[in-house]
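Student: Just dropping this structure here.
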Amino acid sequence: MRVSREKAQESREQVIDTAARLLRERGFDGIGVADIMKAAGMTHGGFYRHFESKDELAVKASERAITESKAVIVDELSKKPQDPLRAIIERYVSAVHRDDPGTGCILPALAADAARRDDPALSQVFTANIQEYLDQLGLLLAARPAATGVRTPAAILAEMVGAVVLSRVISDDALADRLIADVVEDIVGD
């Protein structure tokens, strides 16, 4: 029985969605194709009808994760239009983001893994995502009233990503929460 193109595309999208979540939770080498396909409700054998390799899926899943993260940011901006920089920082550097890497940004979840891979396509996805963050942070900084001290988009992004990474590894919840609060205050404190 042949599967319709629509059903095949739907299945492919399901695999990408599942991989986007699982790769952020477990890393590129922390989960195999069979596990991704099983979590997507499909058999391992069907993988190669949709993708040439796990590397191709990693790129597609990373792109999907970026799209999902952008949607969260847009939602946060709509909630606090009077101070969009604060809205983004408070959402990004948060216990919610820390505690749910499967739905968070790929940078704290996968950047270290991506740096160890020899995959130019994956590197391009991460580079484009970083550049977009830098561009957006630059626009938000330019729109804010001048504050004491000069902050650059690169320094802010590095602090945001680093805070999430560090807060995820800390076993003491109070210390992790304090680190998050301190970083938010350091970036957007008035």
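Student: Relative contact order for the chain: what percent, with Cα pairs under 8 Å and sequence separation of 6 or more?
Tutor: Working: 170 pairs, mean separation 43.9, N = 190.
Normalised by residue count, the contact order of the chain is 23 percent.
Student: Under the rule of -39500 (n - 2.57) per DSSP H run of 4 or more residues, summed and divided by the residues of the chain, what mean residue ellipticity at 222 nm is obtained, to the nearest 500 deg cm²/dmol?
Tutor: For the chain, the value works out to -24000 deg cm²/dmol.
Student: How much length would be gained if the chain were fully extended between K80 and E25, taking 0.36 nm per residue of separation minus their Cα-Cα distance, in nm to one decimal?
Tutor: 16.9 nm
Student: Right, next: Can you pull the percent of the chain's accessible area that's carbon plus sulfur, 1.4 Å probe, other chains left in place?
Tutor: It is 54 percent, rounded to a whole number.
Student: Show me the ranking of peptides 43-49, 28-34 by mean Cβ neighbours inside 10 Å, starting with the highest.
Tutor: 28-34, 43-49
Student: Sticking with this one: Please list, or write none, the lysines whose alpha carbon is within less than 21 Å of the alpha carbon of K70, excluding same-chain residues fewer than 8 places away.
Tutor: Within the straight-line cut-off, K70 pairs with K60, K79, K80.
Student: Then there is this: Put +1 on the Cβ of each Lys and Arg and -1 on the Cβ of each Asp and Glu in region 39-99; which of T67, P81, G41 then has its Cα farthest toward the positive end of the dipole?
Tutor: P81
Student: Shifting gears a bit: Report, in degrees rounded to the nearest 10, the 0 to 90 angle that the Cα long axis of helix 120-143 makes with the longest principal axis of the chain.
Tutor: That works out to roughly 30 degrees.
Student: Quick one: which of 122-135, 61-74 comes out on top by average Cβ neighbours within 10 Å, and what's the full order, highest first?
Tutor: Numbers: 122-135: 15.8, 61-74: 18.0.
Ranked by mean Cβ neighbours within 10 Å, highest first: 61-74, 122-135.
Student: Taking the Cα centre of region 5-99 as origin, sum charge times position over the Cβ atoms of Lys and Arg (+1) and Asp and Glu (-1), and report the length of that vector in debye to the nearest 20.
Tutor: Details: 17 positive and 17 negative charges, 20 e Å.
Dipole about the Cα centre, nearest 20: 100 debye.
Student: Then there's this: Test of understanding: what is the full-extension gain from A155 to L141, defined as 0.36 nm times their sequence separation minus their Cα-Cα distance?
Tutor: Extending this stretch completely gives an extra 3.8 nm.
Student: For region 86-177, just the Cα set please: Rg and Dmax, both in angstrom.
Tutor: Values for region 86-177 (Cα only, Rg and Dmax): 14.4, 42 Å.
Student: Also: Per residue, what accessible area does region 75-190 have, given a 1.4 Å probe and all protein chains present, in Å²?
Tutor: Details: 6290 Å² over 116 residues.
On a per-residue basis, region 75-190 sits at 54 Å².
Student: Arrange the residues M37, M42 by how much accessible surface each exposes, largest first, with a 1.4 angstrom probe.
Tutor: In descending accessible area the options line up as M42, M37.
Student: Starting from the residue with the highest accessible area, list S94, S4 in decreasing order, probe 1.4 Å.
Tutor: If we order S94, S4 from most to least accessible, we get S4, S94.
Student: Averaged over all directions, how much area does the convex hull of the C-alpha atoms of region 1-139 cover when projected, in nm²?
Tutor: On the way: hull surface 37.7 nm².
The orientation-averaged projected area of the Cα hull of region 1-139 comes to 9.4 nm².
Student: Right, something else. Could you tell me the calculated FRET efficiency between K7 and A71, based on Cβ-Cβ distance and R0 = 41 angstrom, to the nearest 0.05?
Tutor: Numbers: r = 25 Å, r/R0 = 0.62.
So, using R0 = 41 Å, E works out to roughly 0.95.
The values are calculated or read from the model by the stated rules, or taken from the named source; none is laboratory data. Everything numeric in this text was worked out from a predicted model, so none of it was measured. Glycine also receives a Cβ, built like all others from the backbone with ideal geometry; neighbour counts cover every protein chain displayed. Just so you know, the surface numbers come from the protein's heavy atoms only, side chains and all, with ligands and any DNA or RNA stripped out. Shrake-Rupley method; radii C 1.70, N 1.55, O 1.52, S 1.80 Å.
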